[in-house]
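Colleague: There's a structure below that I have some questions on.
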Amino acid sequence: MLVAALWIAAPVLAQEKYPSRPIRLIVPYPPGGSTDPTARAFAAWLTDALGQQVVVDNRPGAGSTIGHGLAAKATPDGYTLLLGTSGGLAVAPALGTKVPYDPVKDFTPIGLGVYTPFLLVVYPGLPATNLKELIALSKSQPNGVVFASVGVGTPNHLGGELLKVMAGFQFVHVPYKGGGPAVVDVIAGRAQALFGGIPYTGPQVKAGKLRAVAIGHPKRMSGWPDVPAIAETLPGFSNTTWFGLVGPAGTPKAVVDRINAEMKRAVANPGFARQLEALGLEPASSTPAEFRDMIASELKRWTQVIKEAGITVESAQ
């Protein structure tokens, strides 16, 4: 009877001791950009809060799908987490890219961590100082405005396609191999508009080399209060990527709840929030259920945008 009682109590004792060893946090991108510092900020907070080292493990490749695939196949014991991204959980699957996981079924959502909004910037010489003027200009010159992006099928490109559908105008899309070359050509006027990440467009806006006409986030950002959200003109518009923590499907609820609680404490901490805001990020939080619903909703939304834009896996290569 004693042996049986100990055997029944073992799972409870194991849960009480979590974590008893280091935790791996997979980041599906290389160091640099905004994913790596986001992951390291949460890893440092969780290390202090949980009393065990949270080790960042960069696993880049295939548009973030390699890292997501590794996490999906990991043992669901709470010792492997993933910084899940909109690119890997929504955009790539929506595009029809072959991925080694199901973005909804193969992960246990833990919580949303940050939004990474895109600024809609234009060449300063363009006669458009706000979104309404840009839309009017584009309608008056069909295919006269060149929209740059960091690649076909990227969130930057899809934001432009969504804007085109909702505003009812046309443009010429020119994909570049990264944000740097795209920004250079918009500054020079060879392209006229771009949805770009704040870390690489923000400094150029502040230097007067680019003009920010709107932001893709559903509402204005505290760090850019004078830049209106596109949704103020086109209700329902959203072009903002996001990162959050997930575990492999089957990760214990006790683990999920504990980490989610610490994520919420982190983003509510003024010092932690400022650390993220300095990177051009918007701190965010959610319940696990809300994050699950968000992933499913984003997958559906971008699938529709891609279908209406006629984007295929082949064209995105």
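Colleague: Quick check: is even one residue across region 123-144 of a type in the set (A, V, I, L, M, F, W, C) and open to solvent by 30 Å² or more (accessible area, probe 1.4 Å)?
Modeller: Checking region 123-144: at least one residue is of a type in the set (A, V, I, L, M, F, W, C) and open to solvent by 30 Å² or more (accessible area, probe 1.4 Å).
Colleague: Going through region 231-243 one residue at a time, which ones are under 21 Å from Leu299 (Cβ atoms), in contact (Cβ under 8 Å) with a residue 40 or more places away in the chain and either of a type outside the set (S, T, N, Q) or assigned to a helix (DSSP H, G or I) (or both)?
Modeller: Passing the criteria: Gly236, Phe237, Trp242, Phe243.
Colleague: Follow-up. Identify the residue in region 237-289 that is under 22 Å from Pro28 (Cβ atoms) and among the acidic types (Asp, Glu) and, among all such residues, is modelled with the lowest pLDDT.
Modeller: Checking each candidate, the answer is Glu282.
Colleague: I need the full set of residues from region 270-300 which are more than 17 Å from Pro109 (Cβ to Cβ) and touching a residue at least 24 places away in the same chain (Cβ under 8 Å), in order please.
Modeller: Scanning region 270-300 gives Phe272, Gln275, Leu276, Glu277, Leu279, Gly280, Leu281, Glu282, Pro283.
Colleague: Shifting gears a bit: Which of the residues spanning region 60-73 are surrounded by 18 or more Cβ atoms within 10 Å (Cβ to Cβ), at pLDDT 95 or above and either more than 22 Å from Met263 (Cα to Cα) or among the aliphatic types (A, V, I, L, M) (or both)?
Modeller: Gly69, Leu70, Ala71, Ala72
Colleague: Still on this structure, I have one more. Could you tell me whether any residue of region 295-304 is β-branched (Val, Ile, Thr), at negative phi and either in a loop (DSSP other than H, G, I, E, B) or open to solvent by 10 Å² or more (accessible area, probe 1.4 Å) (or both)?
Modeller: Yes: one or more hits.
Colleague: Looking at (1) crowded, with 18+ Cβ neighbours inside 10 Å; (2) at negative phi, which is the one condition that is false for Ala289?
Modeller: Of (1) crowded, with 18+ Cβ neighbours inside 10 Å; (2) at negative phi, only one is false for Ala289: (1).
Colleague: Go through region 122-188 and tell me which helices (runs of 4 or more DSSP H), entirely inside it, have 3 or more residues that are closer than 18 Å to Glu232 by Cα and in contact (Cβ under 8 Å) with a residue 12 or more places away in the chain.
Modeller: Counting at least 3 such residues, we get 131-140, 155-167.
Colleague: Looking only at region 247-284, which residues are of a type in the set (S, T, N, Q) and open to solvent by less than 60 Å² (accessible area, probe 1.4 Å)?
Modeller: Those that are of a type in the set (S, T, N, Q) and open to solvent by less than 60 Å² (accessible area, probe 1.4 Å): Thr251, Asn260, Asn269.
Colleague: Still on this structure, I have one more. So which residues in region 52-63 are under 14 Å from Pro31 (Cβ atoms) and of a type in the set (Gly, Ala, Ser)?
Modeller: Gly61
Colleague: If you don't mind, another one. Across region 218-246, which residue is nearest to Gly202 (Cα to Cα) among those that are open to solvent by 40 Å² or more (accessible area, probe 1.4 Å) and in contact with an Asp or Glu (Cβ under 9 Å, 6 or more places away or on another chain)?
Modeller: Filtering first and then ranking leaves Gly223.
Colleague: Is at least one residue of region 100-117 under 25 Å from Pro235 (Cβ atoms), modelled with pLDDT of 95 or more and surrounded by 21 or more Cβ atoms within 10 Å (Cβ to Cβ)?
Modeller: yes
Colleague: Out of Val227, Val246, I need the residue that is outside any helix (DSSP H, G or I) and under 16 Å from the mean Cα position of the chain (by Cα). Which one?
Modeller: Result: Val246 is the single residue among Val227, Val246 that is outside any helix (DSSP H, G or I) and under 16 Å from the mean Cα position of the chain (by Cα).
The values are calculated or read from the model by the stated rules, or taken from the named source; none is laboratory data. Just so you know, these numbers come straight off a predicted model, no measurement behind them. Cβ sites come from the backbone with ideal geometry, for glycine too, and all protein chains shown count toward neighbours. Just so you know, the surface numbers come from the protein's heavy atoms only, side chains and all, with ligands and any DNA or RNA stripped out. Shrake-Rupley method; radii C 1.70, N 1.55, O 1.52, S 1.80 Å.
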